[in-house]
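The values are calculated or read from the model by the stated rules, or taken from the named source; none is laboratory data. Predicted model, so just to flag it, every value in this text is computed and none were measured. Here Cβ is always computed from backbone atoms with ideal geometry, including for glycine, and neighbour counts include all displayed protein chains.
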Ligand SMILES: [Zn+2]
Ligand SMILES: [Zn+2]
């Protein structure tokens, strides 16, 4: 018997989210039933419910930054016990057989991973996300949340954290490396904190200096306004790695690429809907690379959580109640959030 649980759902692409109930599947042999305590609001949630990334089925519950407790486990689950503090991020399944899955990179599953929401699940139903009191997830896609990370702040690590940790780790951010973070929003502030914890020399490139005090408090050594063209002259051929968290196609991508030193890489984690006009000649100089990165595998997500616990890294959050979700969406779209909204799901 599926369980009926409380949730907040989008009834259509144009209407505000509303309180509702949804069904969660029975706890199968390899499943974990999680009582959700906190759910982060990611910009992707808004793009998805508003149909910006394509048609979806309604009503739709979004949310892929989930923190909660195990309340029931299937007969085949030995890795989790009732009462464990756990998390769920952007995916809840994958094929498990392709080269990428076998290599622990389920996020790059050749058949496409199953998203935590608005994806077709194995049973043919549409997955429903974390703005809900409970969720049933296969044990292999459940993360262990270390006690050292504040419970109400941990959820954004499951998307914003891993999205920035993975490219920083892959491109070897660390001592002696100069890393620039473009944009100081939900993703950007995590990129700064994680890169600093990895030991890199971190620079923030933001439109204005309005968040400079925060950036320096998070450990960045330098902070520049990109609205000032002098910034691009000063920083020419400087960085080993640039993490671009901005999802606007209006960003002058070639101006940023010129900030890479020899063998430097610019990695996009923001997702502009339009193509970016990269000049190949800019890549010739300094043998530069232009790359992308999408979340991280399950093992790497666990590694990121453990790393954050060990280094005292946690997202900056604003805790809200469910009736503030629609207002929070408008504020995210205005970049008026420092730096992530988290829903207290007890208010659903
Ligand atoms: Zn996200
Ligand atoms: Zn696969």
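Quick notes
- For region 107-164, the set of residues classified as assigned to a loop (DSSP other than H, G, I, E, B), within 15 Å of ligand 1 (Cβ to nearest atom) and buried (at least 20 other Cβ atoms within 10 Å of the Cβ) consists of 113, 116, 117, 118, 127, 129, 130, 131, 159, listed by residue number.
- Exactly one residue among 27, 32, 77 is assigned to a strand (DSSP E or B), over 18 Å from residue 332 (Cβ atoms) and away from ligand 2 (no atom under 16 Å from the Cβ), and that residue is 32.
- Verdict on residue 301 being crowded, with 21+ Cβ neighbours inside 10 Å, within 28 Å of residue 332 (Cα to Cα), within 16 Å of ligand 1 (Cβ to nearest atom) and assigned by TED's automatic domain parsing to the domain that holds residue 183: no
- From the list 116, 203, 164, the one residue that fits, being under 18 Å from residue 43 (Cβ atoms) and outside the structural domain of residue 54 (by TED's automatic domain parsing), is 164.
- Filtering 26, 31, 52 for residues that are within 16 Å of ligand 1 (Cβ to nearest atom) and over 16 Å from the mean Cα position of the chain (by Cα) leaves a single hit, 52.
- Failed condition for residue 276, given (1) surrounded by fewer than 19 Cβ atoms within 10 Å (Cβ to Cβ); (2) part of a helix (DSSP H, G or I); (3) in contact (Cβ under 8 Å) with a residue 12 or more places away in the chain: (2)
- Any chance residue 104 is within 16 Å of ligand 2 (Cβ to nearest atom) and either modelled with pLDDT of 95 or more or assigned to a loop (DSSP other than H, G, I, E, B) (or both): yes
- Pair list, Cβ under 6 Å, 6 or more apart: region 286-313 residue farther than 13 Å from residue 190 by Cβ and at pLDDT 95 or above, other residue assigned to a helix (DSSP H, G or I) and within 16 Å of ligand 2 (Cβ to nearest atom): 294/107; 297/106; 297/107; 298/106
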